[in-house]
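See structure below.
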Amino acid sequence: MSLPDFTKPEILAKFNEYLADKSYVDGTEASQADLAVYEAIKAPVDDAYPNVSRWHSHIASFEGKELPGDKSKAASLLNFGGAADAAEGDDDEVDLFGSDDEEDAEAERIKAERVAMYKEKKAAKGPAPPSKSVITFDVKPWDDETDMKALEEGVRAIEMEGLLWGASKLVPIGYGVNKLQITIVVEDDKVSMDDLQERVQELEDYVQSSDIAAMQKL
């Protein structure tokens, strides 16, 4: 690896930035690395690069003196061109950024891995519990002479997958007539309330109508 071409203004500008918080090329004392760069620059440095000018004047005082370190280290420390310089010499062999196809393929691979991990975690948790609702269900009789016990027995005899009958009570609605108010729990995906009301309506000897008084998700 060789030193940068310090005849180029852009290289001197980068070296000037490099020395913004440094006194020497390598470490905290003058070394062979400094002499190597000093010899590469040779001519006095323009004032447009104050850090380099300061450093250049200081290193000039070490000419002819024995300094520690290795001159070759300067090239690796000041590899301003880096991969870009190598690419200029051999565009066919060096791919600075990779192709868009490679990036897209990598992104797809990462996405597929994440989807697979999500599915594994979801499978490990098992199926989600079914969505359920608690419903207050009103059933009205024809009149005050309707056998409410028989009406309730008929209603509770209705069986549907996902349907669970709960507590009940008789609620006065006027003129001596009581309606049956019964709590039910249903699995939302399995029980259609329209179907249930049709089944209840089939108890035509007892039932005048039915209604959903309240509904709440569990």
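Report the gain in length on full extension from Ala167 to Ser2: 0.36 nm times residue separation, minus Cα-Cα distance, nm rounded to one decimal.
Value of the extension gain: 50.4 nm.
If Leu12, Leu180 are ordered by their accessible area, calculated over protein heavy atoms with a 1.4 Å probe, which sequence runs from highest to lowest? Don't jump to the answer; show the numbers that get you there.
On the way: Leu12 25, Leu180 0 Å².
Result of the area sort, largest leading: Leu12, Leu180.
Check the straight Cα-Cα distances from Lys149 and name the lysines below 24 Å, setting aside those fewer than 8 residues away within the same chain.
Here the lysines satisfying the reach criterion relative to Lys149 are Lys140, Lys169, Lys179.
Could you tell me the accessible area of Asp21 in Å² (1.4 Å probe, neighbours in place), rounded to the nearest ten?
120 Å²
Straight-line reach only, C-alpha to C-alpha below 16 angstrom: list the lysines that Lys42 could link to, leaving out same-chain residues fewer than 8 apart.
Lys8, Lys71
In square angstrom, rounded to the nearest 10, how much accessible surface does Tyr118 have for a 1.4 Å probe?
Near enough 140 Å² of accessible area.
Residues with beta-carbon under 12 Å from that of Lys119, excluding Lys119: net charge, scoring Lys, Arg +1 and Asp, Glu -1?
Net local charge, Lys119 excluded: +2.
Could you tell me the accessible area of Ser192 in Å² (1.4 Å probe, neighbours in place), rounded to the nearest ten?
Number for this one is 40 Å².
Add +1 for every Lys or Arg and -1 for every Asp or Glu among the other residues with Cβ under 11 Å from the Cβ of Asp188, and state the total.
Every neighbour counted, the sum reads +1.
Considering only protein heavy atoms, with the full assembly of protein chains and a 1.4 angstrom probe, order Ser210, Ser168 by accessible area, largest first. Write out the running numbers ahead of the final one.
Working: Ser210 20, Ser168 45 Å².
Largest accessible area first, the residues go Ser168, Ser210.
Please give the per residue accessible area of the chain, computed with a probe of 1.4 Å over protein heavy atoms only, in Å².
So the chain comes to 67 Å² accessible per residue, rounded to a whole number.
Just to confirm a number: summing +1 for Lys and Arg and -1 for Asp and Glu over residues other than Val25 whose beta-carbon lies under 14 angstrom from that of Val25, what do you get? Each step should come with its number before you reach the end.
Details: positive: Lys14, Lys22, Arg54, Lys71, Lys73; negative: Glu17, Asp21, Asp26, Glu29, Asp34, Glu39, Asp70.
It works out to a net charge of -2.
The values are calculated or read from the model by the stated rules, or taken from the named source; none is laboratory data. From a predicted model like this one, the values you see are computed outputs, not experimental measurements. Neighbour counts are summed over all protein chains in view; Cβ atoms, including those assigned to glycine, are modelled from backbone coordinates with ideal geometry. Side chains included, ligands, DNA and RNA excluded: accessible areas come from the protein's heavy atoms. Shrake-Rupley method; radii C 1.70, N 1.55, O 1.52, S 1.80 Å.
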